[in-house]
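The values are calculated or read from the model by the stated rules, or taken from the named source; none is laboratory data. Nothing here was measured: the structure is a model prediction, and the numbers come from that model. Every residue, glycine among them, receives a Cβ derived from its backbone with ideal geometry; neighbour counts consider all protein chains shown. These area figures cover heavy atoms from the full protein model, side chains too; ligands, DNA and RNA do not enter into them. Shrake-Rupley method; radii C 1.70, N 1.55, O 1.52, S 1.80 Å.
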Protein chains: 2
Amino acid sequence: MERLLESIKITVNDKLYIKDPESSDLGKRIIEHSILMINDMGFENFTFRKLGAEIKSNESSVYRYFESKQKLLLYLTSWYWGWLEYRLVFATNGIPDPEPKLAKAIEIVTQTTVKDWVFAHINEELLNKIVINEFSKSYLTKEVDTKNKEGYFSIYKRLITRISEMIKAVDNHYGYPLSLASTILEGSLHQHFLKEHFSSLTDCHKDEQPTKYFTDLVFNRLNNQPNV
Amino acid sequence: MERLLESIKITVNDKLYIKDPESSDLGKRIIEHSILMINDMGFENFTFRKLGAEIKSNESSVYRYFESKQKLLLYLTSWYWGWLEYRLVFATNGIPDPEPKLAKAIEIVTQTTVKDWVFAHINEELLNKIVINEFSKSYLTKEVDTKNKEGYFSIYKRLITRISEMIKAVDNHYGYPLSLASTILEGSLHQHFLKEHFSSLTDCHKDEQPTKYFTDLVFNRLNNQPNV
DNA sequence: AATTATTAATAGTGTTACTATTATATTTGC
DNA sequence: GCAAATATAATAGTAACACTATTAATAATT
């Protein structure tokens, strides 16, 4: 995969940044260290001032790239979903049969990310943790509808649509392909969170178990047609 | 139900408040109006200062009842889960067969709340909306493990345990009763949120559809034993 | 060498969560 | 009915935060 991706750039909605962080060294340091710091201290305790100090730059310089903390988070999570979408399409494209195709898709989106380091300044493993802990906060706000209209969630939405299409390909009589797709994505983040902090509320205690749980759940439903 | 509940008090962890808001008129107004205001403006924009102004009292008086905004949110959501647990136990206790019992449980926890007004100062319908929009924020923080140790999520956890027990009663060979129970609860909040803000990501467009979706999903899995 | 773009430094604004202190009501015990 | 205890209100203040404005220094381009 490394070879292939060298020429690939994950593109996110360009309204999410003022200046493309990929376009400069400072920009890349902003991305790299915001991932490290948000993962360390959590989004609430993370500030542009602290980030500036960490990268030996200045708060105001960070504001040249991102107009707010919220937009930086949306940039990071969008990037993550874009990267996941890329891996999903790449891994499933060659599979002709709907069942193994969906199975592969579930595997990709529910497993925790292994260290890839395809993009030098982006630690995908930590970014995955950030998505588990912080993504919900990016839409659980009063501004969600405007943000949505501005297209800040479009990659995420496209990803869910893709999964729902694969579900329909397995069973086009099933009545809830979109709900099931969104349950797989969100539910998998949630199971990973429970695994870390509420282990008494989940049967998933190892990284690969959410994949097994959702694969089992989805295929049992879809092979069993007593629809609505 | 009204008659019965007149003498019932939903009790939450008493470390969540400094002074019991149920013990005074001011306390009840704090609860009543914090529900209205958080629902209106969202948790981020809600402040004790604004609340004080609204109830013609003072910011510092609110701090006599709750030591922080976060604890007030935890109080409200705990109360909600306690109330839901009560309704769950009440509605399922008399059902001997595991299947209809679980079906009733899923119905209770996945449906949006109808106006009950059993507790004069608590609008359960709005509280349900608050839980949908804000509950995740109460655990998606760096302090989650300490909060958990202090017992601030115990009612929520007990509720999930109860549901998982009902799942086991239907199929005690199923390998993921806890994960399934937590998926039903969290997933249902999520589907209700999507219904309001991302209708292209769900098949649930009416209030009762999450119930149907999860009932279908759960029973199809449990009647079908190809376990792990 | 001059122009331009980028980055850094400094200072400031309004708001927030929360605390401390004092003053004023209200309730309670006798 | 009145003093003591308690609850509430008012005021002021702190440190931190998100974000802005302005100017200074540096680097890249022409």
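Specify whether the C-alpha gyration tensor of the protein assembly as shown places it in the rounded, prolate or oblate class, a ≥ b ≥ c being the square roots of the eigenvalues: rounded for a/c under 1.5, otherwise prolate if a/b is larger than b/c and oblate if not. Oblate shape, in that a/c is at least 1.5 and b/c is the bigger or equal ratio.
Bridgeable lysines around B:LYS168 (alpha carbons under 18 Å apart, same-chain partners fewer than 8 residues away excluded): B:LYS101, B:LYS104, B:LYS157.
One chain, two ends: B:HIS121 and B:LYS206. Fully extended at 0.36 nm per residue, the span grows by 27.8 nm beyond their Cα-Cα distance. When the listed pairs A:LYS50/A:LYS137; A:LYS69/B:LYS50; A:LYS9/A:LYS129; B:LYS28/B:LYS129; A:LYS50/B:LYS50 are checked against a 27 Å cut-off, the alpha-carbon distance exceeds it for A:LYS50/B:LYS50.
Ranking A:PHE48, A:THR183, A:ASN133 by Cα position along the charge dipole of region A:2-222, where only Lys, Arg, Asp and Glu carry charges on their C-beta atoms, puts A:PHE48 farthest toward the positive end. Heavy-atom accessible surface of region B:2-222, averaged per residue, reaches 41 Å², computed with a 1.4 Å probe.
Rounded to 0.05, the FRET efficiency of the B:ASN223 and B:TYR86 pair, given R0 = 35 Å and the Cβ-Cβ distance, is 0.75.
The accessible surface of region A:2-222, taken with every protein chain in place and a 1.4 Å probe, is 48 percent carbon and sulfur. For chain A, find the longest principal axis of its Cα atoms and tell me its angle to the long axis of helix A:209-222, 0 to 90°, nearest 10. Result, in degrees: 40. Using a ≥ b ≥ c from the Cα gyration tensor of region B:61-118 (square roots of the eigenvalues), is it rounded, prolate or oblate, where a/c under 1.5 gives rounded and otherwise the larger of a/b and b/c decides, a/b for prolate? Since a/c reaches 1.5 and a/b is larger than b/c, the shape of region B:61-118 is classed as prolate. Which stretch or stretches of region A:29-61 have amide N atoms under 16 Å from the point lying 7 Å from B:GLU44's Cα along the Cα→Cβ direction? It comes to A:43-48, nothing else. The packing ranking of peptides B:187-193, A:70-76, B:88-94, highest mean first, is B:187-193, A:70-76, B:88-94, where packing means the average number of other beta carbon atoms within 10 angstrom of each residue. Legend: mean number of C-beta atoms from other chains within 10 angstrom of residue C-beta atoms, peptide B:172-178, equals 4. A Förster radius of 25 Å combined with the Cβ-Cβ distance from A:ALA169 to A:THR11 puts the calculated FRET efficiency at roughly 0.40. For the pair B:SER24 and A:LYS142, a Förster radius of 25 Å applied to the C-beta separation gives a FRET efficiency near 0.25, rounded to the nearest 0.05.
Angle, helix B:154-170 long axis vs. longest principal axis of chain B, Cα atoms, 0 to 90°, nearest 10? Tilt of helix B:154-170: around 10 degrees. Taking B:LYS147 as the anchor, which aspartates and glutamates have their alpha carbon closer than 20 Å to its alpha carbon, excluding any fewer than eight residues away along the same chain? By straight Cα distance, B:LYS147 reaches A:ASP40, A:GLU44, A:GLU134, A:GLU196, B:ASP14, B:ASP20, B:GLU44, B:GLU67, B:GLU134, B:GLU186. The angle between the Cα long axis of helix B:69-92 and the longest principal axis of the Cα atoms of chain B comes to about 40 degrees, rounded to the nearest 10. P(r) tail for chain A, what percent of Cα pairs lie past 29 Å? Tail of P(r) above 29 Å: 31 percent of Cα pairs.
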